[in-house]
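Peer 1: Sharing a structure here in structure tokens format.
Quick note: the coordinates plus some simple rules give every number you see, no bench work behind them. Every value quoted in this text rests on a predicted model; they were computed, and no experiment measured them. Don't worry about glycine lacking a Cβ; one is built from the backbone with ideal geometry, like all the others, and counts go over all protein chains shown.
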Amino acid sequence: MVSRLARYIFLVKNLRGVFAVSQSDDAEHYVQWLARRFRYRDVGVSRYLASRLEGIIDKWLEGNPFHLLDYPSKAAEEAAARVRDVLVGAGLSVEVADSILLSLYYASPILASRTVYEETKSVGIVVETVYGPKLSQKDAKLHMRIAGYSVLDFLVPITSKAADYIGSTHDIERLSAERLEAIRADTKRYWRISGKGSEPVIAYIDYLKLLDEAGILSELTSSEGLVLLAIPVLFVLDSVEGLGAG
């Protein structure tokens, strides 16, 4: 029997992204594409989403290529539940909210439909978008990988600074501005595509202000909770040639 910790370490090392689709999407369209293109790779899926996609995603679970994701500890799960409630209260579906939070614990981009991108944008948590052309399969995989570097490289400096602010000045406006500055600097990674088309390809998410308004920031200063104050990065699957559902 594989231990929960061993499985978590394996997935953190190998996961290419966390899948997310909206209730209005043709989910099977995206599932089949990912199953073909990532046959020998690993893609995570929230248990909330997997439950909704029962009968569609089942035969590709446990590594072909989808894996059901769990939080790494009880404390992480409890912290995520508090943040998830805030995001759902702001208008996100529970499946999308959970996928966003899991992506941080697995240091992976969110591999999402355009509908999910529009959903996150509509609730005001998309703070920066990189627009580009329709991507070839090769270019899509490259930029998914780069998006993973964005998530990982934000993790320590962004959460450390958040902890410092929350514990001292609690100047959320200034902290948000500094986070946005860091995000805009990070967009330079996408120089190959940035400004070369009108397709939303990469989106940066920051829900810090929502958490401040909900009064729960001080509850996230444990090491497990601080992970949730990093920056989720979303890759829009519909930017790939031949994949867009409409």
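Peer 1: Could you give the length gained by full extension between SER160 and SER223, i.e. 0.36 nm per residue of separation minus their alpha carbon distance, to one decimal place?
Peer 2: Net length gain for the segment: 21.7 nm.
Peer 1: Restrict the search to the stretch 10-79; then list the trypsin sites (Lys or Arg not before Pro) that DSSP places in a loop and that have at most 15 other Cβ atoms within 10 Å of their Cβ.
Peer 2: Of the trypsin sites (Lys or Arg not before Pro), the ones in loops of the stretch 10-79 whose Cβ has at most 15 other Cβ atoms within 10 Å are ARG39, ARG41.
Peer 1: Report the one residue of ILE56, ALA97, GLN137 whose Cα lies farthest in the direction of the positive end of the charge dipole of the chain (charges on C-beta: Lys and Arg +1, Asp and Glu -1; origin at the Cα centre).
Peer 2: The one lying farthest along the dipole's positive direction is GLN137.
Peer 1: I would also like to ask the following. If R₀ is 30 angstrom, what is the calculated FRET efficiency for the pair GLU77 and ASP153, using the beta carbon separation as r and rounding to 0.05?
Peer 2: 0.75
Peer 1: Follow-up question, since we're still on this one. For ARG52 and ASN64, calculate 0.36 nm times their separation in residues minus their Cα-Cα distance, and state this gained length in nm to one decimal.
Peer 2: 2.5 nm
Peer 1: In addition: Can you check how the C-alpha radius of gyration of the chain compares to 2.2 N^0.38 Å, as a plain ratio?
Peer 2: 0.95
Peer 1: Which value in nm describes the separation of the simple spin-label points at ARG174 and VAL88, placed 7 Å from the Cα toward the beta carbon?
Peer 2: Rounded to a tenth, the inter-label distance reads 3.6 nm.
Peer 1: Let me ask something additional. Once R0 is set to 51 Å, what does the formula 1/(1 + (r/R0)^6) return for the Cβ-Cβ distance between LEU5 and LYS188, expressed as a FRET efficiency to the nearest 0.05?
Peer 2: 0.90
Peer 1: About its Cα centre, how strong a charge dipole does the stretch 4-239 have in debye, to the nearest 20, once Lys and Arg get +1 and Asp and Glu get -1 at the Cβ?
Peer 2: Charge dipole, the stretch 4-239, about its Cα centre: 1160 debye, nearest 20.
Peer 1: Would you please name the GluC sites (Glu not before Pro) within the stretch 35-95 that are DSSP coil residues with at most 16 other C-beta atoms within 10 Å of their C-beta?
Peer 2: Filter output for the stretch 35-95: GLU54, GLU62.
Peer 1: Let me ask another. Using Cα pairs under 8 angstrom and six or more residues apart, how large is the relative contact order of the chain, in percent?
Peer 2: Contact order relative to length: 26 percent.
Peer 1: Now for a different question. Along the charge dipole of the stretch 100-201, Cβ charges K/R +1 and D/E -1, which of LEU180, PRO200, PHE154 sits furthest on the positive end?
Peer 2: Checking the options against the dipole of the stretch 100-201, the answer is PRO200.
Peer 1: Please list, in chain and number order, the residues 5+ apart from GLU128 or on another chain whose amide H is under 5 Å from its amide H, with Hs placed from the backbone.
Peer 2: TYR204
Peer 1: Can you return the lysines within cross-link range of LYS161? Criterion is Cα-Cα under 17 Å, with same-chain partners fewer than 8 residues away left out.
Peer 2: LYS209
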